[in-house]
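The values are calculated or read from the model by the stated rules, or taken from the named source; none is laboratory data. These figures come from a predicted structure and were not determined experimentally. A quick note on method: Cβ atoms are made from the backbone with ideal geometry, for glycine too, and the neighbour counts reach across all protein chains shown.
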Amino acid sequence: MIMFTLSEYHLNKKEEFREFAGKELDLGDHFPRENLQKAAQKGYLGLPIPKEWGGQGEDFLTYILFIEEISRVCSSTGVIIAVHTSVGTFPMLYYGTDQQKSRYLPGLAGGELLGAFALTEAGAGSDAAALSTTATTVDGGYCLNGCKLFITSGGEADIFTVFATVDRSRGVKGITAFLLEKGMPGLTSGHPEKKMGLNRSKTTELRMEDLFVPAANRLGKEGDGFQIAMSLLDGGRIGIAAQGLGLAQAGLDFSTAYLKEGEVSGRKTEQSVSFALADVATGLEAARLLVYRAAAVKDSGMRCSKEASMAKLFATDTAMATATRCMDLCGLSTALIDHPLNRFFCDAKATQIYEGSNQIQRIVIARELLRS
């Protein structure tokens, strides 16, 4: 029989990550700085970063297994690390100059610095090309003005990859990427948004008012920003898909343990409960195969936009469906704010929306099908 499974190495890494998450992560109500520090001490914040830049040199699949297992315990920590790595660190790894890499990558990989990504605006969510933040050329660099929304780790991050236009008349060809550092004059973060889920992850505005950015902090050439942003999304989407896997597994684990104790409402027959668990478990395994395949395709160096979008779409929809089904199975107490399944439900909803809503994923999938 031909089996499709993880290699022994990846199975061992997955078990290592599960043990770490189960023993070391706390579940408080504050920004999980301690969780990040513990992960950094193990080298986990630089898993897919080459050793020459202070990382562990692991493949992308290993990193995805880590995000899955972390999110199974604390999905807020999972999304913080996913953003830090895929769109907070990869921009410099892929597009940075040697000087930029030397300055930032070792700190990002080692956990001394936390990375963030600032693309979304009030009028430029799914349509990133419509952004209005401006970068005006001045002596020695640029002057940035504008406001970004829904920035993960806003107010907590040290390095921001920010996108602004040097000439709105040029459309996407005017969008340019910049590396901003916390504490730069003119750079401020708003108050954390009150969200339905992922509340340990701080989400804020990022405001730029007459912010001077040295030319050395431009990432790539003028006009390269849109291509840089789009190229990072595939990896980011696979990371959010892995977060969905962790949430779905957490919901299934809780419900299975709860139902084994026999606390099942009398109006539910044993067969209906069994069928529901079977459907949830089957959907989760199907999602896991899509996510692992997408990571493997990315590791191969092949184009993976379709695979990434399929994984993100299916895994995050599965996370939401799993949380909903498990709440139905476990009864009214799951509606309480502090119930684990309530947290899984609220956290799962966000995964369907950020890193490109699942409606956008369908557009990407269809576009890739029609391209071939």
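I need the full set of residues from the stretch 323-372 which are assigned to a helix (DSSP H, G or I), of a type in the set (Val, Ile, Thr) and closer than 21 Å to Gln249 by Cβ, in order please.
Thr324, Thr334, Thr351
So which residues in the stretch 340-357 are of a type in the set (S, T, N, Q), at pLDDT below 95 and either under 14 Å from Gly244 (Cβ atoms) or surrounded by fewer than 17 Cβ atoms within 10 Å (Cβ to Cβ) (or both)?
Answer for the stretch 340-357, where residues must be of a type in the set (S, T, N, Q), at pLDDT below 95 and either under 14 Å from Gly244 (Cβ atoms) or surrounded by fewer than 17 Cβ atoms within 10 Å (Cβ to Cβ) (or both): just Ser357.
For the stretch 255-298: of the residues being part of a helix (DSSP H, G or I), of a type in the set (Gly, Ala, Ser) and over 21 Å from Gly244 (Cα atoms), which is modelled with the highest pLDDT?
Ser274
Restricting to the stretch 152-163, name every residue that is over 18 Å from Tyr354 (Cβ atoms) and either in contact with a Gly (Cβ under 6 Å, 6 or more places away or on another chain) or hydroxyl-bearing (Ser, Thr, Tyr) (or both).
Of everything in the stretch 152-163, just one residue is over 18 Å from Tyr354 (Cβ atoms) and either in contact with a Gly (Cβ under 6 Å, 6 or more places away or on another chain) or hydroxyl-bearing (Ser, Thr, Tyr) (or both), namely Ile159.
Quick test of your reading of the structure: Asp26 fulfils all but one of (1) in contact with an Asp or Glu (Cβ under 7 Å, 6 or more places away or on another chain); (2) surrounded by fewer than 18 Cβ atoms within 10 Å (Cβ to Cβ); (3) part of a helix (DSSP H, G or I). Name the failing condition by number.
Here Asp26 clears every test but (3).
Kindly provide the set of residues from the stretch 34-45 that are over 17 Å from Ala295 (Cβ atoms), in contact (Cβ under 8 Å) with a residue 12 or more places away in the chain and not polar (S, T, N, Q), ordered by number.
Scanning the stretch 34-45 gives Leu36, Lys38, Ala39, Ala40, Lys42, Gly43, Leu45.
Just to be sure I understand, how many residues within the stretch 1-54 are among the small types (Gly, Ala, Ser) and in contact with a helix residue (DSSP H, G or I) (Cβ under 6 Å, 6 or more places away or on another chain)?
4
Could you say whether any residue in the stretch 194-205 is part of a strand (DSSP E or B), over 30 Å from Ile64 (Cα atoms) and modelled with pLDDT of 95 or more?
Scanning the stretch 194-205 turns up no residue that is part of a strand (DSSP E or B), over 30 Å from Ile64 (Cα atoms) and modelled with pLDDT of 95 or more.
Among the residues of the stretch 40-56, how many are over 18 Å from the mean Cα position of the chain (by Cα) and surrounded by 15 or more Cβ atoms within 10 Å (Cβ to Cβ)?
Going through the stretch 40-56, the residues over 18 Å from the mean Cα position of the chain (by Cα) turn out to be 41-43, 50-56.
Filter once more, keeping what is surrounded by 15 or more Cβ atoms within 10 Å (Cβ to Cβ): 42-43, 50, 53-56.
Result for the stretch 40-56: 7.
Tell me whether the stretch 212-228 contains one or more residues that are of a type outside the set (Ser, Thr, Tyr), surrounded by 22 or more Cβ atoms within 10 Å (Cβ to Cβ) and not in a helix (DSSP H, G or I).
The answer is yes; a qualifying residue exists.
Just to be sure before I move on: is Ser86 farther than 18 Å from Phe20 by Cα, buried (at least 24 other Cβ atoms within 10 Å of the Cβ) and among the small types (Gly, Ala, Ser) in the structure I sent?
Working: farther than 18 Å from Phe20 by Cα: yes; buried (at least 24 other Cβ atoms within 10 Å of the Cβ): yes; among the small types (Gly, Ala, Ser): yes.
For Ser86, the condition - farther than 18 Å from Phe20 by Cα, buried (at least 24 other Cβ atoms within 10 Å of the Cβ) and among the small types (Gly, Ala, Ser) - is met.
Contact list please: Cβ distance under 6 Å, first residue in the stretch 330-358 and on the phi > 0 side of the Ramachandran plot, second residue in a helix (DSSP H, G or I), pairs at least six apart or on different chains.
Glu355/Gly236; Glu355/Arg237; Glu355/Ile240
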